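The values are calculated or read from the model by the stated rules, or taken from the named source; none is laboratory data. This one's a predicted model, so the numbers in the text were calculated from it and none came from an experiment. For neighbour counting, all protein chains shown are included, and Cβ atoms are generated from backbone atoms with ideal geometry for every residue, glycine included.
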């Protein structure tokens, strides 16, 4: 191959480009990317729907977390956080839902500390005599676990044990540099 006259053809994703090569570069010719003629969309189209705002509020008002809403609408939590950044209404729904979720959990804790029974509703699916699907909603009494409740409140809502706000949790030095000991009396 005469490096002065012959030029190899390199095939890229977009088009064929003729690239002059020196004789010492023939072993590893470079593929030169060509710009696309039309912009291509990045990623799949968004699954976001405006009706998710109300669904999110309803979901979180039952005490469920924001992240678990992904299971309801079949997306991962990264997608939920992206929607929260991009869609103002969804972000507002998150804030309202978080407040309602906190309210639900606090209500549960207050009822438990007052000795009131913890009631919850669940749906039971069955079939009637004709073989048709029937869904019944039943109310049951649950037990309350204070340790689990406290753990949940600390992790989900930022609760923490009492903090000394006057010193920023630092040890406070004595205002008296010298206190006489019993030996010096």
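Worth pointing out:
- Failed item in (1) in a loop (DSSP other than H, G, I, E, B); (2) surrounded by fewer than 12 Cβ atoms within 10 Å (Cβ to Cβ); (3) modelled with pLDDT of 85 or more, with residue 159 passing the rest: (2)
- Restricting attention to region 142-156, the residues being surrounded by 13 or more Cβ atoms within 10 Å (Cβ to Cβ) and part of a helix (DSSP H, G or I) number 5.
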